[in-house]
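The values are calculated or read from the model by the stated rules, or taken from the named source; none is laboratory data. Predicted, not measured: the structure shown is a model, and the values here were computed from it. All Cβ positions, even for glycine, are placed from backbone atoms using ideal geometry, and neighbour counts span all protein chains on display. Please note that ligands, DNA and RNA were not included when accessible areas were found on the heavy atoms of the full protein model with its side chains. Shrake-Rupley method; radii C 1.70, N 1.55, O 1.52, S 1.80 Å.
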Amino acid sequence: MENIIEIRHLSKSFGTHEVLKDIDFSVRKGEVVTIIGSSGSGKSTLLRCVNLLEKPSGGQIIYNGENILEEKHDVNAYRKHLGMVFQQFNLFNNYNVLQNCVVGQVKVLKRTKEEAEQIALKYLKVVGMDQYVNAKPSQLSGGQKQRVAIARALSMEPDVLLFDEPTSALDPEMVGEVLKVMKELAHSGLTMMIVTHEMEFAKEVSDRIVFMEKGVIAEEGTPDQIFNHPKEARTREFLKRTF
Ligand SMILES: Nc1ncnc2c1ncn2[C@@H]1O[C@H](COP(=O)(O)OP(=O)(O)O)[C@@H](O)[C@H]1O
Ligand SMILES: [Mg+2]
């Protein structure tokens, strides 16, 4: 399968603090890649570099065969192809559910309001939130908010959807409904990069697991390799602490 995104020698420093060091990896079309690792290992920074919410300090991000970090590339055009789901939902609280899923489509993709509403409804159905189009985020549970945030990201019809700990801010009883939606998306062939601490989920949906430690990829492999036959001592330690 072809690579959608290829990361080469990516580095990121904040001041003198080198947070990502020489990261190399790629994501193939339709692949579900899960990033695991301790807090502070650089997982969020990696996702934020991939969608250019952070500017990498060095390296290349190859998208469709071109290094989009070169000056000549239109960063905004690239970012249209990526969706992001955050731990804290980041919904617009003054907009209702439907408007949340429409505004980006109209502003960024220049779709008409009518077309955008149709597409929003389609994805609100996918996440089981189409009954709530008129609700404001404040009227929803955390799990419902996150499902709307996923529908909003899907409405932009991205090539790759990035998730940064999408269930970490949820009450335990709401984690399941969000993971269920994510599992369905994973099985639908969507390309996904997911940072999560939900190891059972990671084991079940991932084509590949990337274990990060201290700003480097310490080990990567299939769920079976990582969870059942980890090669690195630091992977084993992490898994022992986590399970
Ligand atoms: N905007 C920032 N400014 C300075 N340091 C940052 C910033 N964002 C992250 N860091 C630092 O980078 C390191 C990795 O953070 P992060 O990517 O959030 O890790 P993770 O998501 O794995 O918990 C941490 O030491 C964190 O303090
Ligand atoms: Mg993080």
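A simple spin-label model places pseudo-atoms 7 Å from Cα toward Cβ; at Leu52 and Ser188 they are separated by 2.6 nm.
Once the 1.4 Å probe is applied to the protein heavy atoms, segment 1-64 comes out at 44 Å² accessible per residue.
Rounded to the nearest 20 debye, the dipole magnitude of segment 45-119 is 140 debye, with +1 charges on Lys and Arg beta carbons, -1 on Asp and Glu beta carbons, and the Cα centre as origin. Mean residue ellipticity at 222 nm, helices only, the chain: -10500 deg cm²/dmol; runs of at least 4 DSSP H residues each add -39,500 (n - 2.57), and the sum is divided by the number of residues. For segment 103-243, the relative contact order works out to 16 percent when only alpha carbon pairs closer than 8 Å and six or more residues apart are counted. Taking the Cα centre of the chain as reference, the dipole from Cβ charges on Lys and Arg (+1) and Asp and Glu (-1) amounts to some 460 debye.
Each Lys or Arg adds one and each Asp or Glu takes one away; over the other residues whose Cβ falls under 15 Å from the Cβ of Asp207, this sums to 0. Accessible surface of segment 138-238, 1.4 Å probe: 45 percent of it comes from carbon and sulfur atoms. How much of the DSSP bridge set in the chain is antiparallel, in percent, rounded to the nearest 5? Antiparallel bridges make up about 55 percent of those DSSP assigns within the chain. Legend: distances between Cα atoms for Lys29/Lys145; Lys122/Lys145; Lys29/Lys240; Lys29/Lys136; Lys29/Lys113; pairs beyond 23 Å are Lys29/Lys145; Lys29/Lys240; Lys29/Lys136; Lys29/Lys113. Rounded if a/c is under 1.5, else prolate if a/b beats b/c, else oblate: with a ≥ b ≥ c from the C-alpha gyration tensor eigenvalues square-rooted, which is the chain? Oblate. Placing unit charges on the Cβ atoms of the charged side chains and taking the dipole of the chain about its Cα centre, the candidate lying farthest along the positive direction among Val103, His81, Gly40 is Val103. The local environment of Asn64, defined by Cβ-Cβ distances under 12 Å, has a net charge of -3 under the rule Lys, Arg +1 and Asp, Glu -1.
With each label modelled as a point 7 angstrom along the Cα→C-beta vector, the Glu204-His73 pair spans 3.5 nm.
Please compute the contact order of the chain in relative form: average sequence separation of alpha-carbon pairs under 8 Å and at least six residues apart, divided by the residue count, as a percent. Averaging sequence separation for qualifying contacts and normalising by length gives 26 percent for the chain. Accessible surface for segment 127-243, divided over its residues, is 44 Å² per residue with a 1.4 Å probe.
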